[in-house]
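For reference, the structure is listed below as structure tokens.
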Amino acid sequence: METGAIFLLLFAILGIASSQSFYGDSISFMPPRKQKDGTFKVTFHHRLNGRGDCRNQSSYACEGGVCTSFNKSSALLTDQDSKGQGRWCQSEGQTTAIVFTNKTSLSLRDSGCCWTSNVNGKTNWTSHAQLDLGTRSDSRALNSCPITTTVSSLRVPQNCFTRHRLLAHDADGDIVRCRFSADATVPSNLTLHETECILTGTGQLDIGVHVFELMLEDFPTKNITLTYADGTSGFRQASDMNTSSLCKLELQFSIEILPSIPSCEAGHVQPMFLSATPSHGDVLYATVGQTFQLYAQAQAHHSSIYDFQVSGPQEMTKEFKDDVLGKAEVTLSWTPKQSDIYRFVPVCFTAETNETQSEMRCAVVMVTPASISQGKATVECSPNKMVVALEKASMPGIDENYLKLKDPSCSLTSNSTHIMGSFSFSTCGTILEDKGDFLAFENEINSFELPTEIIIRRKTVKIDFSCKFPKSISISSYFNVHQSDYIFTESSIGSFGYTFEIFTDSNFTTKVKASAYPVEVNLLQTIYMGIQAQSDLPNVTLFVESCKATPDENPENTLSYDLIKNGCLADETLKSYQANQTVFNFEVQAFKFTGNFDQVYITCSVILCEPGNMFSRCAQGCLKDSARKRRRRRRRDLGMRETVSHYITQGPLQFVRQAVPKSQLADNNVVMKNSLPEVIPPPVSPYLKSSDGSWGIKEVLNTHVSTVVLATAFLASLVLLAGVYLHFSRKQKAEDCKFLLDSDPVN
């Protein structure tokens with residue numbers, strides 16, 4: 001009985017310890033407010049991560065006696081392990097502090113025990129936050145702190161930890177710097193990109209739980225003055241991170257390093273988010289009293305998604321749906337209250353499987369008192385630019401003079417019915433986002449306020465728009481991505497772009513599918529490649545000035561081989577076909593670099609010219625080095641309109657060390673892999689097998705002629721020497737016999 005009681009007691013103690021295991025925490029501030037009596041009202045939300053029961057564990061305190069009151073609301077459970085095993089949970093509590101009128105800053109601190117068992121050896125934890133209470137000269141308001149959080153439990157297979165993106169958003173548009181806390185234990189093979197807040201691994205981490213303690217700080221992007229209630233003031237220089245930050249807060253989280261998995265390719269075992277999912281860092285908008293919804297979708301072809309882990313506000317509901325083909329989706333719903341006005345709410349989520357989880361995606365939800373005007377916009381997407389047209393009738397009372405794109409230096413135009421913008425994918429603040437099965441070029445139209453305005457009576461405008469293209473890249477843990485689209489803008493030419501593709505045959509019509517990259521080929525196989533230019537100008541000429549091969553994607557690699565140089569064909573197997581003024585196709589026999597290199601990348605330098613000028617680089621064609629220098633100087637003097645040289649890269653081509661059927665060698669067709677066309681590079685003396693997989697004498701003779709000739713000559717020399725030796729040996733023996741007979745004394 002006593003033994004049983006002891007075991008029950010031990011299990012109870014272990015259960016309590018388990019329920020109190022700390023996985024990390026974060027806090028987010030609402031914009032501080034100055035009240036009529038001169039005091040400051042500061043409200044913040046504290047999210048705590050752990051396992052078991054995460055509620056009622058917050059103990060943040062106001063330091064230095066600067067608070068007249070400190071009111072805490074009960075922490076509510078916001079998410080937990082759907083399997084009922086208590087492996088992870090998250091809670092959120094709200095605290096409101098009233099700060100004395102003559103204070104210039106507020107400091108908060110929380111601490112507790114214990115971190116979950118970890119490889120760092122951490123036990124006790126401490127959280128800290130400090131915000132400046134000065135009024136900013138640029139916004140005439142108190143500073144807004146960075147917004148951040150994480151889901152409760154982060155898990156990554158050991159062989160798949162390459163980078164981990166964290167949320168670091170600032171409502172004032174300040175620079176946010178992420179750095180490790182002073183007393184944090186940091187693995188030597190981990191680095192932190194301070195301005196992008198990305199953890200990057202340069203080697204494998206030990207299996208187990210690793211804890212991280214980060215400090216987030218914000219710094220203004222332009223010179224500002226801070227005015228305090230006590231009559232003092234302070235100055236902050238633009239982007240100066242050596243001075244005191246406007247706000248700093250601690251972010252604590254843990255990452256469990258799991259055993260390795262067979263493939264780290266997104267969408268294989270690790271779930272991959274699909275295009276309907278918001279991009280990381282997106283700012284979304286919610287209205288008081290109206291239900292806000294966030295929709296996310298993920299897919300894992302070789303695993304089953306059983307849930308989405310979510311870090312969100314209190315009373316956010318989650319509706320999970322398991323779909324076919326390894327897909328799953330979640331709909332998050334939340335109705336902001338009046339007390340949430342102007343709150344910036346971080347929302348993070350991951351797709352969960354038994355083996356691992358997806359990357360963490362985070363968005364920021366801004367709560368507004370009334371609906372933001374969205375308007376009706378249409379977007380026309382071309383290969384290298386987008387044109388957006390906003391219908392004025394859908395936004396009555398809109399003032400078009402106070403609208404801007406992400407980059408305000410780009411202007412919008414208008415007519416009697418529409419407000420319009422036209423720009424390339426690389427300009428006007430357009431960003432490229434990986435949406436899982438799509439690539440999206442995103443921009444937005446926003447309303448803005450003048451710095452001198454005290455009040456406004458204009459509607460707030462927020463219109464997001466994008467061009468989405470089916471994903472043309474294949475991501476692998478072993479090979480780089482397939483690059484086929486290049487967009488550039490120059491003042492003399494405008495927007496222009498190039499595509500660089502591999503084709504399956506000499507018709508140059510069927511492209512090798514993106515899923516077939518890295519493209520596999522065999523030695524001596526013919527590779528078909530093509531470059532096409534697109535430009536805003538109706539009449540331009542494409543010129544391929546050079547093409548060279550390298551064993552990696554670095555075009556400056558000292559180990560390289562010229563295919564085209566100064567416009568001249570440099571490889572004897574290369575044949576070029578100028579289909580028209582903007583299309584250049586060519587074929588070349590596959591090769592590989594000598595040594596331990598199995599990949600080949602092709603990098604070409606391309607130029608667009610205005611046709612009809614004999615001094616343009618396109619008109620000059622093949623040049624030797626000296627002539628090229630003279631004529632390039634003359635062209636610049638004449639002010640010829642043409643682009644500078646741009647590098648575009650294709651690959652990798654992967655050398656296949658396997659049997660190649662004779663029928664395929666005969667017609668040089670691209671080898672098929674998993675029913676998808678594929679291609680790759682190799683050397684000039686390959687070892688080929690016959691169709692049954694055995695080494696054929698004919699093939700060996702064909703591929704090693706020099707070796708066979710030398711061996712034959714060597715054998716013939718041996719036979720000749722043996723004949724000569726035998727002849728002289730016999731002759732000497734005959735002469736010896738004759739000598740003995742002649743010298744016989746009897747005769």
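The values are calculated or read from the model by the stated rules, or taken from the named source; none is laboratory data. Here the structure is a predicted model, which is why all the values come from computation and not from measurement. Backbone-built Cβ (ideal geometry, glycine too); neighbour counts: all protein chains shown.
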Candidate set from region 552-574 (those that are surrounded by 14 or more Cβ atoms within 10 Å (Cβ to Cβ) and of a type in the set (D, E, K, R)); member that is farthest from GLN654 (Cα to Cα): LYS565
What strands (runs of 3 or more DSSP E) lie completely within region 331-420 and have 2 or more residues being surrounded by 19 or more Cβ atoms within 10 Å (Cβ to Cβ) and either in contact with a strand residue (DSSP E or B) (Cβ under 8 Å, 6 or more places away or on another chain) or at pLDDT below 85 (or both)? 344-352, 361-368, 385-391
Looking only at residues that are at pLDDT 95 or above and crowded, with 17+ Cβ neighbours inside 10 Å in region 315-327, which one is nearest to the chain's Cα centre (by Cα)? LYS318
So, in region 171-194, how many residues would count as being under 15 Å from LEU251 (Cα atoms) and assigned to a loop (DSSP other than H, G, I, E, B)? 7
Report yes if some residue within region 124-143 is in contact (Cβ under 8 Å) with a residue 12 or more places away in the chain, polar (S, T, N, Q) and in contact with a helix residue (DSSP H, G or I) (Cβ under 6 Å, 6 or more places away or on another chain); otherwise report no. no
Restricting the search to region 78-100, which residues are under 33 Å from the mean Cα position of the chain (by Cα) and not small (Gly, Ala, Ser)? THR78, ASP79, GLN80, ASP81, LYS83, ARG87, TRP88, CYS89, GLN90, GLU92
Considering residues of region 195-208 that are over 23 Å from the mean Cα position of the chain (by Cα) and assigned to a loop (DSSP other than H, G, I, E, B) only, the residue surrounded by the fewest Cβ atoms within 10 Å (Cβ to Cβ): ASP206
Test for ILE224: is it farther than 24 Å from CYS54 by Cβ and buried (at least 19 other Cβ atoms within 10 Å of the Cβ): yes
Which one of the conditions (1) under 30 Å from GLU213 (Cβ atoms); (2) at pLDDT below 90; (3) not hydroxyl-bearing (Ser, Thr, Tyr) does GLU256 fail to meet, given that it meets all the rest? (2)
May I ask you to verify whether PHE543 is touching a helix residue (DSSP H, G or I) at 6+ places or on another chain (Cβ under 7 Å) and crowded, with 23+ Cβ neighbours inside 10 Å? yes
Among (1) modelled with pLDDT of 90 or more; (2) touching a helix residue (DSSP H, G or I) at 6+ places or on another chain (Cβ under 9 Å), GLN204 falls short only on (1)
Can you name every one of the strands (runs of 3 or more DSSP E) wholly within region 70-114 that holds 2 or more residues which are surrounded by fewer than 15 Cβ atoms within 10 Å (Cβ to Cβ)? 105-113
Among the numbered conditions (1) over 24 Å from SER139 (Cα atoms); (2) assigned to a loop (DSSP other than H, G, I, E, B); (3) at pLDDT 95 or above, tell me where GLN270 comes up short. (3)
Looking at (1) modelled with pLDDT of 95 or more; (2) of a type in the set (A, V, I, L, M, F, W, C); (3) under 17 Å from PHE44 (Cβ atoms), can you tell me which one LEU133 breaks? (1)
Scan region 234-254 and give yes if some residue there is assigned to a strand (DSSP E or B) and surrounded by fewer than 17 Cβ atoms within 10 Å (Cβ to Cβ), otherwise no. yes
